[in-house]
Amino acid sequence: MYKNLLGTVALAALFSSFSMPGAAQDAAAIANASKAMGADNLKSVEFTASGWEYTFGQAVNPASPWGGYEEKTYTRSINFETPSWHIDRVLAPIPPTRRGGGLPPAATQNVVIGPNTPWATQLDHWMTPYGFLRAAVANNATAASVKTGGRTVTVVTFTAPNKARVNGYINDKNMVERVETWIDNPVTGDTPLVAIYSDYKDFGGLKFPTKMIKKQGDAPILDLTVTDVKVNVPVNVTAPPAGAGGGQPPVTTS
């Protein structure tokens, strides 16, 4: 898995002849994506979806995907200025035949990013298409045009606080279609974390992906189909009290 991610980085270096030279061109790649996606004035977003959430590391056997829980509704409200987010989940009944371990996701979850928030938790924010663009600007990202799979994409890269690379892939329509990095895990070591975004639609001037898949360790941990998006709605998230719990993924305070 780690080698696959290194291969992606090496691919970008291999096609460096396609690179847009200079800091101005790097910034332009990010700015063009932000403009095309309608994110220049984005302060908050709320989206509703349905799908599946999976518990990392809780497979039945080494060849199986992580144990999953079906979600009738998944509503996430994100404040990009704080930054913070709130999630409401309504799970479908858990069938008695379900296989795999792990606790079901919490019904609600509040996260406020602060100076002590672990990077692995922050990634849930910075790997969204709009969070990635903001993080790329803040971390002096570089951009390179890469030919892969018979097409050309722009790969925007910056170095994360854990010293790992974060790569965002921007397609020819200036949509962020993939964000990838890796995080350390005591069992699996350097583990790829990948978010894939597709089927963008216009919601009040914001281009938003209606299909989201996030993978950790080559198997999905989130698979959502988005049905509704609200742009720049009030989002006030209060961090939970220290020691609060409530299922998986864990509730994390700043």
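The values are calculated or read from the model by the stated rules, or taken from the named source; none is laboratory data. Since this is a predicted model, take the numbers as computed values, not measurements. When we count neighbours, we look across all protein chains shown, and the Cβ atoms used for this are built from the backbone with ideal geometry, even at glycine. Just so you know, the surface numbers come from the protein's heavy atoms only, side chains and all, with ligands and any DNA or RNA stripped out. Shrake-Rupley method; radii C 1.70, N 1.55, O 1.52, S 1.80 Å.
Figures for the structure shown
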| quantity | calculated |
| --- | --- |
| Local net charge near residue 104, Cβ-Cβ under 13 Å (Lys/Arg +1, Asp/Glu -1) | 0 |
| Nearest-0.05 FRET efficiency for residue 31 and residue 198, computed from C-beta distance (R0 25 Å) | 0.65 |
| R0 of 22 Å, Cβ-Cβ distance residue 148-residue 190: FRET efficiency to nearest 0.05 | 0.50 |
| Region 51-118, accessible area per residue, ligands and nucleic acids excluded (1.4 Å, Å²) | 50 Å² |
| Between region 45-99 and region 185-225, the Cα center-to-center distance that results, in Å | 12 Å |
| Phi to ³J(HN,Hα) by Karplus 6.51 cos²θ - 1.76 cosθ + 1.60 over region 229-237, Hz, x for Gly, Pro | 9, 10, 9, 6, 8, x, 9, 10, 10 |
| Fraction of accessible area attributable to carbon and sulfur, region 103-211 (%, probe 1.4 Å) | 51 percent |
| Prolate/oblate/rounded label for region 161-218 (Cα gyration tensor, a/c 1.5) | prolate |
| Sites residue 72 and residue 140, calculated FRET efficiency, Cβ-Cβ separation with R0 35 Å, nearest 0.05 | 0.25 |
